[in-house]
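Please see the structure below; I have some questions.
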Amino acid sequence: MRHFSKLTALAASLAMALAVVPAQAGAVLDRVTAAGALKVATDANWAPQSFMNDKNELDGFDVDVAKEIGKRMGVKVVFVTPGWDIITAGNWAGRWDMHAGSMTPTKKRAEIFDFPAVYYYTPAAVAVHNDSKATKLSDLDGKVVGATTTSTFEAYANQDLVLDAAGAPPFKYEFKPKVVKSYSNSTTAFDDLRLGAGVRLDAVVSSQPSINDAKKAGYPIKQLGEPVFYEPLAVAVERGDPEFKAKIADAVQGMKTDGTLSKLSVKWYGTDYTVVK
Amino acid sequence: MSPDTIIQATNVAKWYGAFQVLKDINLTVRKGERIVICGPSGSGKSTLIRCFNRLEAHQEGDITVTGVVLHDKMRNVASVRRNVGMVFQHFNLFPHMTVLMNCMVGPMWIKGIKPEAAKKTALQFLERVRIPDQANKFPVQLSGGQQQRVAIARSLCMQPAVMLFDEPTSALDPEMVSEVLETMTSLARDGMTMVCVTHEMGFARAVADRVIFMNSGQIIEEGKPHDFFTNPQHERTKLFLSQILKH
Amino acid sequence: MLYPDTVESEVIVHKPWFITAMFAAILACFLALNLTGTTMGELMRPVIGDPVQSGFYGRFAIAFTIAVIFCLNVVLIGFAPLKLQIAIVWLELLLLFLAFFETFHLSLPFIREKLPFMITQGVVTTLYVSAISIVIASAIAILGAVAKLSTNGFAYAIATFYTSFFRGLPLLMQVYLIYLGLPQLGFVIDAVPAGILALSLCYGAYMTEIFRSGIQSIDRGQWEASRSMGFGFGLTMRKVILPQALPVIIPPTGNQFISMLKDSSLVSVIGVWELMFLARTLGQKTFQHMEMLISAAMLYWIMSICLELIQSRIEHHYARSKVR
């Protein structure tokens, strides 16, 4: 779901050109335990997942999750903030141990990374104008639906969505639109939707948080029905240290079991995104 | 080679590309000798003396300076150069140092002499060239004649075995020429070994032990000043002398 | 200064044709822009009535007023002595800039709150990364320049390859290459050293040319004098040539340092918390990035001005031996 910049391509191809040396089994865990510190890479510029707060410290949902994982592993957490391209290029070379930054665990990425745990999901939902006569998703059959171009949302509307991510919950196509219109971003799609029900669009498929943001910004739109599919987002580590992976998986599982993770989600999003409803 | 030979050149030849600048030069400079080299421009006289401290390389023949043979692969060229002082047409003082420092750096950096001692020597030689009061000025603040005298003092501070002068008065205003020549004359009187490339015939007549005339890279006449000026043998010499003594 | 004539020329801004042309140009310019909806329209309300209703009359009145004020200003400044002219023009341009920033409706309390952190973290990081880099770059530049001027084919080839490579690649790519590439060879370096290395290598390549031309600008007589006294290459270079080349080298090196200050922002991609990184990050949560960007811009500007002052001090120092 995060935008894929040109630099990612550059950095990734660079890393591919140079051989990827996998970490030794147990090596990362040993290093973390020995140092007593877990080095976590995250973004400093992506509220509310991770950003600089009033005290000029990193804060946000991803940051809190990482801190909690560290706490459960009995080590303190140190954050570093390299660019997204640098992180996804792999080959971390021990500069940091774990990435907590809402990465979608696609098959392609799984060639470089292990994903110990999916810790929340971004729900995709359908928005309609407040005046819309549609009451359920199947009412949108044969209507005009908008979505961001090349996004998973557009793929869903076109009924050719491939969610190859590990831990992605199954989904089904709830409606079959007549036309799917592509937009460069979700805002322009909402701008067309606000003109009125059926003026240019009957509905927009987008992420639930951005639909909520648009509603808050005064767009006369509402969510129709339940989310249509969920995109999993995971903690990432470099391949090759199953023991370290297991430790993190344990920690996240523990957070799920005792409700900590849900609490954090409510704190940052106002809703519990850690489970598929 | 006698022990008091300072410079000995034997069959020296040099080319710039295909152009031959020095042809079969034979010259011996003995201790205490004052030699003036003259000749038309382009005759190779500057090139010759620049070979004596190996600012230029010769290709054929042998040059021996203070007992050391100069050649392409020599490792001790610096030990020759510290014994050979050189005064340039354009002074070539170090403009970023004071006059005093100009005179101190050679002994300090090459001979490892302490600054206080070097300063003492420098002041002594500045006194000698009669400008001790300019010691703390920068070269650009001095007149051309004063700068050239500082350059002479700078070379003297190294206490060289021989001094080479490469047209030392050619870049000076006319009224400053004499002060430099006077300095050189007094040096000569004190027994300094000198090889001077100059057109100052008065100086040559008064000071030189030998005058050498060069043309097209060759020494074509050599003699005592009196004979050289009153009875030149070679046609080219006669023409040259008639031209520069005409006015 | 350009080479001034000894005869005073007429003041161009007092020539009628110039004033007329300037007036016409400004009038046309502001007629083309409709300013009735801006602060300017509000200020003109007593003359033109409701700005929105005023139509072409309002538009013309505004453009006319601006043109008159501007021309009057220029003509009056034309009477002032040189130093005063410079001061007034600086002040006016500065005020225009402030007025421009004023239109962003910046939150000053937010800036005041964030400024200390921007300075202690951002400015300090930017400065020390740049300062270390410029020192290393200068060292590389001396070696590179000497190698480029040498007759040693090996050194010459390496130096030319180096300058060609590092001048030919975008700095950002060098940052990536060093940060991601070096670990493949077994050298895992942190973000800050990687950034410093990239900046040093890149600027070292540019500065090689500066040092080379500086060394070449020294008269060969200096080499000859130095050599004739028995100084070796190192001594000649250190004590004779470089000190004289410095006045030639320092102005463009100062420029390089100033430009490096800004280029050091590229190391933010590998997560160095320097000024640009903070400017993009601090205001993001509360949508106050404009505040942070402008603050950072001002901080960069102030740093540049300080560097310019230091540069002129150094130039002054080296001009010493040229005073008659």
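Quickly run through the range C:218-251 and pick out the residues that are under 31 Å from the mean Cα position of the chain (by Cα), modelled with pLDDT of 90 or more and of a type outside the set (A, V, I, L, M, F, W, C).
C:Arg238, C:Pro243, C:Gln244
Scan the range B:22-45 residue by residue and report those that are small (Gly, Ala, Ser), buried (at least 21 other Cβ atoms within 10 Å of the Cβ) and within 28 Å of B:Arg189 (Cα to Cα).
Passing the criteria: B:Gly39, B:Gly44.
Here's something else I'd like to know. Quick one: A:Thr188 ticks every box in (1) in a helix (DSSP H, G or I); (2) of a type in the set (S, T, N, Q); (3) touching a residue at least 12 places away in the same chain (Cβ under 8 Å) except a single one, so which number is it?
Looking at each condition in turn, A:Thr188 falls short on (3).
Next up: Take C:Arg227 and tell me if it is among the basic types (Lys, Arg) and surrounded by 19 or more Cβ atoms within 10 Å (Cβ to Cβ).
yes
Let me ask you something else. Give A:Thr104, A:Thr88, A:Thr42 a once-over and let me know the one that is hydroxyl-bearing (Ser, Thr, Tyr) and more than 13 Å from every other protein chain (Cβ to nearest Cβ).
A:Thr104
So which of C:Phe30, C:Phe79 is at pLDDT below 90, under 30 Å from C:Ile294 (Cα atoms), surrounded by 11 or more Cβ atoms within 10 Å (Cβ to Cβ) and under 36 Å from the mean Cα position of the chain (by Cα)?
Being at pLDDT below 90, under 30 Å from C:Ile294 (Cα atoms), surrounded by 11 or more Cβ atoms within 10 Å (Cβ to Cβ) and under 36 Å from the mean Cα position of the chain (by Cα) holds for just one of C:Phe30, C:Phe79, which is C:Phe30.
Moving on. Looking only at the range B:109-120, decide whether some residue is within 14 Å of another protein chain (Cβ to nearest Cβ), under 15 Å from the mean Cα position of the chain (by Cα), among the aliphatic types (A, V, I, L, M) and in a loop (DSSP other than H, G, I, E, B).
No, the range B:109-120 contains no residue that is within 14 Å of another protein chain (Cβ to nearest Cβ), under 15 Å from the mean Cα position of the chain (by Cα), among the aliphatic types (A, V, I, L, M) and in a loop (DSSP other than H, G, I, E, B).
Next question. So which of A:Pro227, A:Pro209, A:Pro232 ends up being modelled with pLDDT under 90 and either out of contact with any Asp or Glu (no Cβ under 8 Å at 6 or more places or on another chain) or on the phi > 0 side of the Ramachandran plot (or both)? Steps first, answer last, please.
Details: A:Pro227 fails: modelled with pLDDT under 90; A:Pro232 fails: modelled with pLDDT under 90.
After ruling out the rest, the residue left standing is A:Pro209.
If I filter the range C:215-251 down to residues being among the β-branched types (Val, Ile, Thr) and part of a helix (DSSP H, G or I), which single residue comes out as nearest to the other protein chains (Cβ to nearest Cβ)?
Step one: list which residues in the range C:215-251 are among the β-branched types (Val, Ile, Thr), which gives C:215, C:218, C:236, C:240-241, C:248-250.
Narrowing further to those that are part of a helix (DSSP H, G or I): C:215, C:236, C:240-241, C:248-250.
Working: C:Ile215: 14, C:Thr236: 10, C:Val240: 6, C:Ile241: 10, C:Val248: 12, C:Ile249: 13, C:Ile250: 13 Å.
Across the range C:215-251, the extreme among qualifying residues is C:Val240.
Shifting gears a bit: Which condition from (1) more than 24 Å from the chain's Cα centre (by Cα); (2) assigned to a helix (DSSP H, G or I); (3) of a type in the set (D, E, K, R) is the one that A:Glu154 breaks?
Every listed condition holds for A:Glu154 apart from (1).
Additional query: Mind telling me which of the residues B:Ile63, B:Ile49, B:Ile35 ends up being within 14 Å of chain C (Cβ to nearest Cβ), touching a residue at least 40 places away in the same chain (Cβ under 8 Å) and either closer than 22 Å to C:Pro243 by Cα or not in a loop (DSSP other than H, G, I, E, B) (or both)?
Within the list B:Ile63, B:Ile49, B:Ile35, the selection yields B:Ile49.
Continuing with the same structure: Among (1) touching a residue at least 12 places away in the same chain (Cβ under 8 Å); (2) exposed (fewer than 13 other Cβ atoms within 10 Å of the Cβ); (3) of a type in the set (Lys, Arg), where does C:Arg59 come up short?
(2)
Assuming C:Leu182 fulfils every condition listed in (1) more than 27 Å from the chain's Cα centre (by Cα); (2) over 30 Å from A:Ile87 (Cβ atoms) apart from one, which condition is it?
Among (1) more than 27 Å from the chain's Cα centre (by Cα); (2) over 30 Å from A:Ile87 (Cβ atoms), the lone unmet condition for C:Leu182 is (2).
Give the range A:71-104 a look and list any residue that's assigned to a loop (DSSP other than H, G, I, E, B) and of a type in the set (Gly, Ala, Ser), or say none.
A:Gly74, A:Gly83, A:Ala89, A:Gly90, A:Ala93, A:Gly94
Okay, residues lined up against (1) surrounded by 15 or more Cβ atoms within 10 Å (Cβ to Cβ); (2) touching a residue at least 24 places away in the same chain (Cβ under 8 Å); (3) over 30 Å from C:Met40 (Cβ atoms):
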position: C:Leu84; (1), (2), (3): no, no, no
position: C:Thr103; (1), (2), (3): no, no, no
position: C:Pro109; (1), (2), (3): no, no, no
position: C:Gly122; (1), (2), (3): yes, yes, yes
position: C:Thr125; (1), (2), (3): yes, yes, yes
position: C:Val129; (1), (2), (3): yes, yes, yes
position: C:Ile140; (1), (2), (3): yes, yes, yes
position: C:Ala155; (1), (2), (3): yes, no, yes
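The values are calculated or read from the model by the stated rules, or taken from the named source; none is laboratory data. Predicted, not measured: the structure shown is a model, and the values here were computed from it. Please note: Cβ atoms are built from the backbone with ideal geometry, for glycine as well, and neighbour counts cover all protein chains shown.
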